[in-house]
Amino acid sequence: MTHIEIQIPDDWHLHFRDGDMLNETVPATSRCFKRAIVMPNLVPPVTNAKMAEEYSQRILNARPEGSDFEPLMTLYLTNETTSEDIVEAKQVGIVAAKLYPAGATTNSDAAVKSLDALFPIFEEIQKQGMLLLIHGEVTDNHIDIFDREKEFIDRHLTHIVAAFPELKIVFEHITTKDAVEFVLAANDNVAATITPQHLLLNRNDLLVGGVRPHNYCLPVLKRNIHQQALREIVATGNKKFFLGTDSAPHEKGKKESACGCAGCYSAWSAIELYAQVFDELGVLDKLEGFASHYGADFYGLPRNDGTITLVKEDWTIPEQIILPNGNPIVPFFAGKNCTWKLKV
Ligand code: NCD
Ligand code: ZN
């Protein structure tokens, strides 16, 4: 196959950041995605309707001329979140609440320390017909970083899913065979997003031949059997698994550091790299469901009108991009070949 046309896709998990960074991140995503679920882990986090509305407006202002890109806003849960916060969020069109265990990832210090205390809030989210998006990792010091997703499933996710069968839950950026099996076995209100990096890479790509800070993200890359499980499940075209890039920009200096930040900035190549993976797997016919149908269906939103075309053509992902503040950022897969290209 030399080209493929798919309905316009959406990105069900990304980080735009704020301020002048939006002039970089919003065009990078809106070049091919119609909508995106915007993660709320700003500093300070987006914890109420007013903050989300203002943030949404800043994103809309950063759209390129003529773009009809639509940000879908989320609320950052803390142990101070009230039922009124959820009701107000629903009223202004916020589609989902995001659960970060405290300390799990970038800007999660203010997040949830006691999960059980949040059950009344989950009840309200369910009642309002909003979705619950979960960063599924425990954060205890004594739990090995490679086991944190599995431990979260066993310790928390199983209970949340059992207690709220009507609540739509997205297990975000899954990285393990255990997560795939959990989502498959769960009811139809449980789905998962999968990033390009977790389909393309495993922990050898992080650690062999030197530490590769630009492949460091959270949840951390796992061993190859887990990467394989993710590739196998997307190849089946199962509707519970859909696209969420987790594009998460950090300046070059913050990644190439003694204590480097977690996150891969993939917006300029994500749709192309997903196409590459589906092509490698011999299932390009499954790309459209994953990228353009299953996420919208799960969120109860209409599928997009219009199409994008990807062509089979080699190109090299840039070594770096200069941000609006003048600082460089190294995009995901920098300097590497990509075998598919968005036709513009
Ligand atoms: C994300 C970020 O930088 O905000 N980082 C990451 O490694 N994925 C946060 C997150 O989604 O965990
Ligand atoms: Zn993320």
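Simple spin-label estimate for Glu166 and Gln57 gives 3.5 nm between the two label positions (7 Å along the Cα-to-Cβ direction from each Cα). Rg and Dmax over the alpha-carbon atoms of the range 216-258 stand at 14.1, 40 Å.
This ranking places Glu123, Glu24 by how few other beta-carbon atoms lie within 10 Å of each, fewest first, which gives Glu123, Glu24.
Projecting label points 7 angstrom from Cα along Cα→Cβ for Ile8 and Gln91 puts them 3.1 nm apart. How many percent of DSSP beta bridges within the chain run antiparallel, rounded to 5? Bridges in the chain that DSSP calls antiparallel: roughly 30 percent. Label-to-label distance, Phe119 versus Arg31, with points set 7 angstrom from Cα along the beta-carbon direction: 4.8 nm.
Among residues other than Asn337 whose Cβ falls under 14 Å from its Cβ, what is the net charge (Lys/Arg +1, Asp/Glu -1)? Please list the in-between numbers first.
On the way: positive: Lys312, Lys336, Lys341; negative: Glu272, Asp279, Glu280, Glu313, Asp314, Glu319.
Neighbour charge sum, excluding Asn337 itself: -3.
Would you please report the Å³ per residue occupied by the convex hull of the alpha carbon atoms in the chain?
Details: hull volume 43.6 nm³, N = 344.
Once divided by residue count, the hull of the chain is 127 Å³.
At R0 = 25 Å, how high is the FRET efficiency between Leu184 and Lys312 if r is their beta carbon distance? Nearest 0.05 is fine. The pair Leu184/Lys312 has a calculated efficiency of 0.20.
Please arrange Leu133, Leu157 by how many other C-beta atoms lie within 10 Å of their C-beta, fewest to most.
Numbers: Leu133 27, Leu157 22.
Ranking Leu133, Leu157 by Cβ neighbours within 10 Å, fewest first, gives Leu157, Leu133.
Once the other residues with Cβ under 11 Å from the Cβ of Lys286 are scored (Lys, Arg +1; Asp, Glu -1), what is the net sum? Net local charge, Lys286 excluded: -2.
Let me check I've understood the local charge: for Met39, count other residues with C-beta under 12 angstrom from its C-beta, Lys and Arg +1, Asp and Glu -1. What total comes out? Before the final figure, lay out the partial values.
Numbers: positive: Arg17, Lys98; negative: Asp11, Asp18, Glu172, Asp246.
With Lys, Arg at +1 and Asp, Glu at -1, the neighbours total -2.
For the range 95-163, averaging the sequence separation of C-alpha pairs within contact (under 8 Å, six or more residues apart) and dividing by the residue count gives a relative contact order of 33 percent. Using 0.36 nm per residue and subtracting the Cα-Cα separation, the extra length available between Phe146 and His159 on full extension is 2.5 nm. Taken as Cα centroids, the range 152-208 and the range 237-266 sit 17 Å apart, rounded to the nearest whole angstrom. Which entries in the list Lys34/Lys286; Lys34/Lys222; Lys254/Lys336; Lys50/Lys254 go over 24 Å, if you measure between the two C-alpha atoms of each? Correct reply: Lys34/Lys222; Lys50/Lys254. Mind checking which of Ala191, Ala36, Ala163 has the largest fluctuation in a GNM of the chain, springs on alpha carbons under 10 Å? Looking only at Ala191, Ala36, Ala163, the biggest GNM fluctuation is shown by Ala163.
Normalised by the number of residues in the range 242-344, the average gap of Cα pairs under 8 Å and 6 or more apart makes the relative contact order 31 percent. The range 20-89 and the range 275-344 have Cα centres lying 21 Å from one another.
If R0 equals 25 Å, the separation of the Cβ atoms of Lys343 and Glu232 corresponds to a calculated FRET efficiency of about 0.30. Among Met39, Met73, Met51, the residue with the largest mean-square fluctuation in a Gaussian network model of the chain, with springs joining Cα atoms closer than 10 Å, is Met51.
The mean sequence distance of close C-alpha pairs (under 8 Å, at least 6 residues apart), as a share of the length of the chain, puts its relative contact order at 19 percent.
Neighbour counting of Cβ atoms within 10 Å sorts the residues Cys259, Cys338, fewest neighbours leading, into Cys259, Cys338.
Bear in mind these aren't lab numbers, they're just calculated from the coordinates by the rules spelled out. Predicted, not measured: the structure shown is a model, and the values here were computed from it. Positions of Cβ are backbone-derived with ideal geometry, glycine not excepted, and every protein chain shown enters the neighbour counts.
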